[in-house]
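S.K.: Below are the structure tokens for one structure; questions will follow.
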Amino acid sequence: MTAAERYDTLKLHDPYSEVPSALLHAGHVASYVVACGMVEPFEREQLTKPATYLVRVEGDCRYVDETGATVRFYLSNDPAAKGRHLQVRDHVRLAPNSVCFLTLAPEFRLPAYIGARFNLLIRDVYRGLLVGTGPLVDPGFSGRLSIPIHNFTSREYFISAGEGLVYFEFTKLSWSNDREERTPDWVPAPIHVQPPFPKSKARRRTIDDYLADATGGGPPASSLGSTLYAAEQQNTRTRRLITAIGIGGIVAAAGLVLTSWSLYSSAQQFTSAAQTELRQERQRSNERIEAIERRLKVAEQLPASGQTRVGGVRREQRVRRVTK
């Protein structure tokens, strides 16, 4: 039977009801994969840890590069892939502060009583990479998985086709089989052997040990850290410039106010002096006019009196002549 046929037969029937509902160890993972066609292709040698299965990356790849262009290709180191896909590459570059969507190599077929989770290798976690999914794969899922990988660091990393990328763990749900349905005879007995923790990983004791394996030594720098620092420095310089301009502006404004006040005061003094001078000149003019008027009155009075007397004399003389 093919893996797909085994899955169709057992997707709603647990062939190992004696296995408790819990996180499955490597032996039970292998048992369910073989019986139910849960992972295809299945590589037994990738079950090197007690409870996780290492999954390789191979398939469609998508990301947006630094120029804003969308990059599409098939990630594979299989020469035959070039005959099936237009663009094939054997590695992908994870640029600083970027996200890349990668496809996992196998096809997953999860029966209704098993769920899965996955995460990056510890090496890639210490590199500063992040897998951007739930990352729960629900019971009943069937198909290939694509996952986004975020690189939040200032470094670039490369992932090769066929490289182990994520560790999967499988958990059995609480489940009860239909009592009338029997397990097929072709189902093999479960594997109850659990592999030990790898000795190669036991040598890592400190954070520096993990960083040495991941980056060659030292933590990766955040891609945003240097950008934020540069922005803060620019902000500080701008504040200083504004402050300097502000002080200069205040001094200039004060000088302008003093100059304006001086001009205003001078204008006020000039206006006041001019008004005083005009009042004095008007007073002097009025006094001269009054003096002229008094002289005119005196002059008018004197000639008028003489004429009367002369006329009187003449009149008296004429009267006297008439009388004689």
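The values are calculated or read from the model by the stated rules, or taken from the named source; none is laboratory data. Remember, predicted model here, so these are calculated numbers, not experimental data. Here Cβ is always computed from backbone atoms with ideal geometry, including for glycine, and neighbour counts include all displayed protein chains. Just the protein is used for accessible areas: all its heavy atoms, side chains included, with ligands, DNA and RNA removed. Shrake-Rupley method; radii C 1.70, N 1.55, O 1.52, S 1.80 Å.
Matching residues to (1) touching a Pro at 6+ places or on another chain (Cβ under 8 Å); (2) β-branched (Val, Ile, Thr); (3) under 30 Å from SER154 (Cα atoms):
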residue: LEU24; (1), (2), (3): no, no, no
residue: VAL34; (1), (2), (3): yes, yes, no
residue: LYS49; (1), (2), (3): yes, no, no
residue: VAL57; (1), (2), (3): no, yes, yes
residue: VAL71; (1), (2), (3): no, yes, yes
residue: VAL88; (1), (2), (3): no, yes, yes
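S.K.: Has the stretch 168-188 got any residue that is under 20 Å from LEU102 (Cβ atoms) and part of a strand (DSSP E or B)?
M.R.: yes
S.K.: Give me a count of the residues in the stretch 45-79 that are open to solvent by less than 80 Å² (accessible area, probe 1.4 Å) and outside any strand (DSSP E or B).
M.R.: Qualifying residue count, the stretch 45-79: 13.
S.K.: Oh, and also: So is PHE170 open to solvent by 60 Å² or more (accessible area, probe 1.4 Å) and either modelled with pLDDT under 95 or of a type outside the set (D, E, K, R) (or both) or not?
M.R.: Here the answer is no, as PHE170 does not meet what is asked.
S.K.: While we're here: Condition first: under 30 Å from SER154 (Cα atoms) and at pLDDT 95 or above. Can you find one or more residues in the stretch 104-112 that meet it?
M.R.: Yes, the stretch 104-112 has at least one match.
S.K.: When you go through (1) in a helix (DSSP H, G or I); (2) among the aromatic types (Phe, Trp, Tyr); (3) open to solvent by 10 Å² or more (accessible area, probe 1.4 Å) one by one for PHE42, which number turns out not to apply?
M.R.: (1)
S.K.: Which residues, counting only those in the stretch 1-39, are surrounded by 16 or more Cβ atoms within 10 Å (Cβ to Cβ) and acidic (Asp, Glu)?
M.R.: Within the stretch 1-39, ASP14 is the sole residue that qualifies.
S.K.: Can you spot a residue in the stretch 135-142 that is within 17 Å of ARG62 (Cβ to Cβ), at pLDDT below 95 and aliphatic (A, V, I, L, M)?
M.R.: Within the stretch 135-142 (the criterion being within 17 Å of ARG62 (Cβ to Cβ), at pLDDT below 95 and aliphatic (A, V, I, L, M)), the answer is no, since none of the residues qualifies.
S.K.: Where in the stretch 80-164 are there strands (runs of 3 or more DSSP E), lying wholly inside it, with at least 1 residues that are open to solvent by 20 Å² or more (accessible area, probe 1.4 Å), aromatic (Phe, Trp, Tyr) and more than 27 Å from THR9 (Cα to Cα)?
M.R.: In the stretch 80-164, the matching strands (runs of 3 or more DSSP E) lie at 98-103, 157-160.
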